[in-house]
Amino acid sequence: MNYRRDKRKKVRDRVQITLVAVAATMIIVLNATTAVWAKSDFMIKPGPAAQEELQEALILVEPGQTIELSAGIFVLTDGLSLDVDNVTIKGQGMKESILSFKGQKGGSEGLLVTSDQVVLRDFAVEDTKGDAIKSKGVDGIAMINLRTEWTGGPKPTNGSYGLYPVQSTNVFIYGCVAIGASDAGIYVGQSEQIIVRDSRGEFNVAGLEIENSFYADVFNNVMTRNTGGLLVFDLPNLPKQGGHNVRFFDNKSFDNDTENFAPEGNIVGIVPRGTGMIIMANENVEVFNNEFYGNDTMNIAVASYVDDFEDDNYQPTPKKIHIHHNVFGKSGLDPDSGEFGTIIRETLGIPVPDIVWDGVLPLMSYFFLGQDDTESLAIHDNTHLEGVRPFGNANLIMQVLLPFLHKPKFDMTDYQKSYPPLPPVEVTIRGNPAMALVD
Amino acid sequence: MRVSLLVFGMCCWVFWSAGAVNNNLLMANKPATKLSDYGLFEDSAARIPSAGLVRYELNNPLFTDYAQKIRYLYVPPASGAAIYQEQAVLDFPVGSVLIKTFAYPKTFEEPTKDVRFIETRLLVRKISGWKAYPYIWNEDQSEAILKVAGGRMQIPIIWREGRAGKIDYLIPNMNQCKGCHTNGNKEFTPIGPKVRNLNRLSHDGTLNQITMLQKAGYLREGPNDLTKIPKTPDPFDVSSGSLFERARAYLDGNCAHCHSPGHPADTSGLYLNYEEEREIHWGVDKPPVAAGRGAGGLSVDIEPGSPEQSILLYRMDSIDPGVMMPELGRSTIHKEGVELIRDFIQSLD
């Protein structure tokens with residue numbers, strides 16, 4: 001009996017010791033793990049396994065978790081994708097953590113996000129075969145301090161878009177840099193509730209473009225050395241169209257002088273080298289407190305959709321475009337020799353006026369009624385250089401129909417009026433105003 | 001305790017190896033690590049289907065680098081049947097599994113000999129919805145192992161004319177699966193098994209697949225008269241429809257999982273689903289939206305009468321990842337598909 005009890009006790013003791021030891025080890029391991037993983041749930045390093053590790057993390061990550069990219073160049077062969085809500089992907093900085101897709105074999109973008117409330121920050125995506133970073137159909141996407149770049153300079157073989165949220169709601173782009181896109185460096189399409197601020201676009205065909213979108217604030221951005229700096233477009237035959245309520249303010253769009261290198265067949269192919277801004281077929285666009293200078297063809301163009309279309313719901317004419325308190329410097333001295341640039345040069349002369357309107361209206365309005373006063377351009381309180389015409393109506397309908405009767409118009413008295421300011425846009429991500437992610 | 005577990009395990013093993021499908025394992029939250037664990041096949045090499053698996057084919061399958069595809073449907077006995085519906089993907093009940101094995105023969109000179117399995121994909125209908133699990137076959141073809149993160153494989157191949165080549169085969173990761181298998185509500189969904197795609201003679205040539213599924217108890221209701229059931233033509237069987245119909249069937253099978261309203265590529269406004277009737281939306285004179293260099297310097301998706309001026313054909317006839325369509329699942333050009341679409345565009349006016 002005694003012996004047995006002893007033995008049992010011994011066993012019990014041993015078990016206890018073992019348990020204590022195991023527990024201690026676990027605590028140590030846990031502590032160590034906590035120390036390493038304190039901030040991130042996944043830490044991915046560059047190396048031959050990076051493609052698989054990163055993609056696996058993007059699949060296994062749970063809502064609320066963070067995937068961290070260490071510093072270095074990640075050599076990737078296939079597009080990455082994230083489909084888990086409320087995840088953060090964080091690098092060590094846009095110059096430090098680089099996802100390089102130079103050898104990409106598949107996937108049309110570098111990183112595709114299809115889940116809501118995702119925050120991407122502090123890394124770069126380089127040399128993708130298609131678009132660099134895309135979000136599709138999400139609510140809440142933050143792109144903070146990211147860089148997208150095609151490192152071989154402007155080339156038609158570069159991918160289309162750098163930062164590319166599409167069909168998304170609550171889009172926040174802050175402190176990003178986009179270089180070398182063969183369409184638009186920063187492109188927000190078919191989306192609503194959008195803020196794009198404090199970002200930079202260089203050597204893209206379009207530096208920054210808002211297309212078929214509603215409620216966007218675009219401010220504090222710098223667009224330079226692109227073909228065109230700022231674009232706001234609306235196109236027909238898309239699931240979301242009728243772009244409206246877009247504000248551009250406190251931006252600088254200057255020295256845009258890169259030849260248009262868009263692959264042929266793309267709508268941005270029309271942008272003349274050296275355009276500060278194009279507003280095409282939108283309603284309620286307010287452009288104020290911006291600086292435009294050094295743009296070879298012109299500072300601002302307001303235009304109708306240029307191609308034929310079959311779409312009864314589409315509105316090709318820009319309406320309620322309000323341009324005020326901008327500062328215009330030397331521009332329009334060397335218009336592009338392409339179709340659009342040539343027509344501007346031929347109809348309006350050099351230097352090209354700071355604000356150019358194509359003068360295109362539905363024919364009924366053009367010949368009989370004129371554009372309704374409550375919809376026509378409003379222009380006031382802008383600063384222009386001496387000797388430069390502030391405004392020119394290229395009157396392109398007449399130029400096409402009856403060229404011998406064509407005359408441009410420089411009188412802007414009809415347009416010296418104002419519209420009420422558009423309200424600021426609010427973007428909510430993870431329940432807070434998006435700026436909470438930065439401050 | 002340990003002994004009893006072992007006995008239990010052995011019982012299970014004996015039970016499963018008798019060819020019964022492990023429904024509980026299929027319904028579990030976590031996928032099995034080995035394909036054979038599910039008991040979907042009687043042998044671990046997955047050559048002999050277990051009772052309850054029905055082999056089927058589609059009229060207009062997706063082209064994936066000339067891979068052979070072996071498809072089975074399984075519906076658990078107690079789950080009931082899918083209800084016949086004319087347009088949508090059949091709504092198979094909870095517990096159902098679609099099994100698709102991708103395979104290559106050693107040489108296409110003898111396509112039925114020495115067929116090597118590459119990957120078996122399961123689409124499992126769980127209570128929470130459809131889930132996709134790719135299983136990759138090992139070198140000696142004895143087992144397939146779950147691989148969540150996907151990857152690439154080099155597959156040596158000998159083409160029909162005797163030329164040696166290799167295929168840069170992509171095993172999609174779960175997100176890539178979802179990239180195509182998503183419906184308008186962002187839910188995971190099968191793509192192929194619609195009545196009109198299934199309406200054809202069964203693999204063994206004995207009866208129509210719709211009848212076969214009805215007999216198996218996997219499909220109920222719907223017209224008794226087979227001629228009343230819609231049928232997608234086989235794109236490469238000239239007797240099955242006009243050039244126009246066959247081309248649209250091909251585009252439906254190869255493009256519409258993304259290019260249709262509510263699906264991943266609807267941002268382009270190009271809708272290639274069989275039902276789309278608006279010419280501009282199925283590509284006629286439609287300018288690209290965000291194609292970039294994928295446009296190839298061309299200005300519209302389909303220029304009637306001019307295949308070489310049509311972006312649609314240009315992107316099918318490319319293997320550059322920044323140009324080619326579909327984006328995933330192929331590293332070679334589908335020559336027959338390209339020819340079909342070339343003839344189709346040529347025929348339009």
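State whether one or more residues within region A:207-215 are outside any strand (DSSP E or B), within 23 Å of B:Val289 (Cα to Cα) and more than 14 Å from every other protein chain (Cβ to nearest Cβ). Checked against the condition, which is being outside any strand (DSSP E or B), within 23 Å of B:Val289 (Cα to Cα) and more than 14 Å from every other protein chain (Cβ to nearest Cβ), region A:207-215 yields no hits at all.
Residues that are closer than 15 Å to A:Ile323 by Cα: find the strands (runs of 3 or more DSSP E) completely inside region A:228-290 holding 3 or more of those.
On the way: elements: A:228-233, A:244-249, A:252-254, A:275-280, A:283-288.
Where strands (runs of 3 or more DSSP E) fall fully within region A:228-290 and carry at least 3 residues being closer than 15 Å to A:Ile323 by Cα, they are A:228-233, A:244-249, A:275-280, A:283-288.
Which of the residues belonging to region A:224-263 are among the basic types (Lys, Arg) and within 14 Å of another protein chain (Cβ to nearest Cβ)? First the steps, then the outcome.
Within region A:224-263, the first condition is being among the basic types (Lys, Arg), and the residues that meet it are A:225, A:240, A:247, A:252.
Within region A:224-263, just A:Lys240 meets the criteria.
Candidates in region B:134-153 are the residues that are within 12 Å of chain A (Cβ to nearest Cβ) and of a type in the set (D, E, K, R); of these, the one that is surrounded by the fewest Cβ atoms within 10 Å (Cβ to Cβ) is B:Arg152. Scan region A:335-344 and give yes if some residue there is within 14 Å of another protein chain (Cβ to nearest Cβ) and under 30 Å from B:Glu279 (Cα atoms), otherwise no. Yes, that holds for at least one residue.
Name the residues in region A:209-230 that are within 22 Å of A:Pro420 (Cα to Cα) and not β-branched (Val, Ile, Thr), would you?
Residues of region A:209-230 that are within 22 Å of A:Pro420 (Cα to Cα), as a first pass: A:210, A:213-220.
If the condition is that a residue be within 22 Å of A:Pro420 (Cα to Cα) and not β-branched (Val, Ile, Thr), then A:Ser213, A:Phe214, A:Tyr215, A:Ala216, A:Asp217, A:Phe219, A:Asn220 are the ones that fit.
I'd like to know if region B:35-54 contains one or more residues that are modelled with pLDDT of 95 or more, outside any loop (DSSP other than H, G, I, E, B) and closer than 21 Å to B:Met153 by Cβ. Among the residues of region B:35-54, at least one is modelled with pLDDT of 95 or more, outside any loop (DSSP other than H, G, I, E, B) and closer than 21 Å to B:Met153 by Cβ, which makes the answer yes. Criterion applied to B:Leu298, B:Leu312 was being among the hydrophobic types (A, V, I, L, M, F, W, C), within 25 Å of A:Ile270 (Cβ to Cβ), buried (at least 22 other Cβ atoms within 10 Å of the Cβ) and within 11 Å of chain A (Cβ to nearest Cβ), and the one residue passing it is B:Leu298. In this structure, does B:Leu243 turn out to be within 11 Å of another protein chain (Cβ to nearest Cβ), more than 20 Å from the chain's Cα centre (by Cα) and hydrophobic (A, V, I, L, M, F, W, C)? No, not satisfied.
Under the condition of being outside any loop (DSSP other than H, G, I, E, B) and under 20 Å from B:Leu348 (Cβ atoms), the residues counted in region B:269-303 number 4.
Quick one: which of B:Ile229, B:Ile280 is facing another protein chain (nearest Cβ under 8 Å) and of a type in the set (A, V, I, L, M)? After ruling out the rest, the residue left standing is B:Ile280. Residue by residue through region A:220-245, note down the ones that are at pLDDT 95 or above, of a type in the set (A, V, I, L, M) and within 20 Å of A:Ile270 (Cα to Cα). Within region A:220-245, A:Met223, A:Leu230, A:Leu231, A:Val232 meet the criteria. Tell me, yes or no, whether region B:262-272 has at least one residue that is surrounded by fewer than 23 Cβ atoms within 10 Å (Cβ to Cβ), touching a helix residue (DSSP H, G or I) at 6+ places or on another chain (Cβ under 7 Å) and either among the aliphatic types (A, V, I, L, M) or touching a residue at least 40 places away in the same chain (Cβ under 8 Å) (or both). Yes, region B:262-272 contains a residue that is surrounded by fewer than 23 Cβ atoms within 10 Å (Cβ to Cβ), touching a helix residue (DSSP H, G or I) at 6+ places or on another chain (Cβ under 7 Å) and either among the aliphatic types (A, V, I, L, M) or touching a residue at least 40 places away in the same chain (Cβ under 8 Å) (or both).
Of the candidates B:Asp343, B:Asp320, B:Asp349, B:Asp285, the single residue that is farther than 24 Å from B:Gly241 by Cα, in contact (Cβ under 8 Å) with a residue 12 or more places away in the chain and surrounded by fewer than 21 Cβ atoms within 10 Å (Cβ to Cβ) is B:Asp285. For region A:89-114, filtered to residues that are crowded, with 24+ Cβ neighbours inside 10 Å and out of contact with any Gly (no Cβ under 8 Å at 6 or more places or on another chain), the residue that is farthest from A:Thr66 (Cα to Cα) is A:Val113.
So is B:Val338 closer than 24 Å to B:Gln87 by Cα, β-branched (Val, Ile, Thr), more than 11 Å from chain A (Cβ to nearest Cβ) and in contact with a helix residue (DSSP H, G or I) (Cβ under 9 Å, 6 or more places away or on another chain) or not? Give the steps one after another, and end with the answer.
Working: closer than 24 Å to B:Gln87 by Cα: no; β-branched (Val, Ile, Thr): yes; more than 11 Å from chain A (Cβ to nearest Cβ): yes; in contact with a helix residue (DSSP H, G or I) (Cβ under 9 Å, 6 or more places away or on another chain): yes.
In short, no.
Residues that are of a type in the set (A, V, I, L, M, F, W, C) and either in a helix (DSSP H, G or I) or more than 18 Å from the chain's Cα centre (by Cα) (or both) within region B:307-339 comprise B:Ile311, B:Leu312, B:Leu313, B:Met316, B:Ile319, B:Val323, B:Met324, B:Val338, listed in sequence order. Among the conditions (1) touching a strand residue (DSSP E or B) at 6+ places or on another chain (Cβ under 9 Å); (2) in contact (Cβ under 8 Å) with a residue 60 or more places away in the chain, A:Pro156 misses just one, which is (1). If you scan region B:166-178, which residues turn out to be more than 7 Å from chain A (Cβ to nearest Cβ) and in contact (Cβ under 8 Å) with a residue 40 or more places away in the chain? Within region B:166-178, B:Ile167, B:Tyr169, B:Ile171, B:Pro172, B:Cys177 meet the criteria.
Just give me the residues in region A:139-187 being at the interface with another protein chain (Cβ under 10 Å from one of its Cβ atoms) and surrounded by fewer than 24 Cβ atoms within 10 Å (Cβ to Cβ), in sequence order. Lay out the reasoning, then the answer.
Taking region A:139-187 first, the residues at the interface with another protein chain (Cβ under 10 Å from one of its Cβ atoms) are A:155-161, A:164, A:166-167, A:181-184, A:187.
Within region A:139-187, A:Lys155, A:Pro156, A:Thr157, A:Gln167 qualify.
Scanning region A:96-108 for residues that are more than 9 Å from chain B (Cβ to nearest Cβ) and either assigned to a strand (DSSP E or B) or of a type in the set (Val, Ile, Thr) (or both) yields A:Ser97, A:Ile98, A:Leu99, A:Ser100.
Within region B:165-196, being of a type outside the set (S, T, N, Q), assigned to a loop (DSSP other than H, G, I, E, B) and within 16 Å of the chain's Cα centre (by Cα) holds for B:Pro172, B:His181, B:Pro190, B:Ile191, B:Gly192, B:Pro193. Considering only region A:65-95, state which residues are outside any loop (DSSP other than H, G, I, E, B), within 22 Å of the chain's Cα centre (by Cα) and facing chain B (nearest Cβ under 9 Å). Passing the criteria: A:Gly79, A:Leu80, A:Ser81, A:Leu82.
The values are calculated or read from the model by the stated rules, or taken from the named source; none is laboratory data. These figures come from a predicted structure and were not determined experimentally. Please note: Cβ atoms are built from the backbone with ideal geometry, for glycine as well, and neighbour counts cover all protein chains shown.
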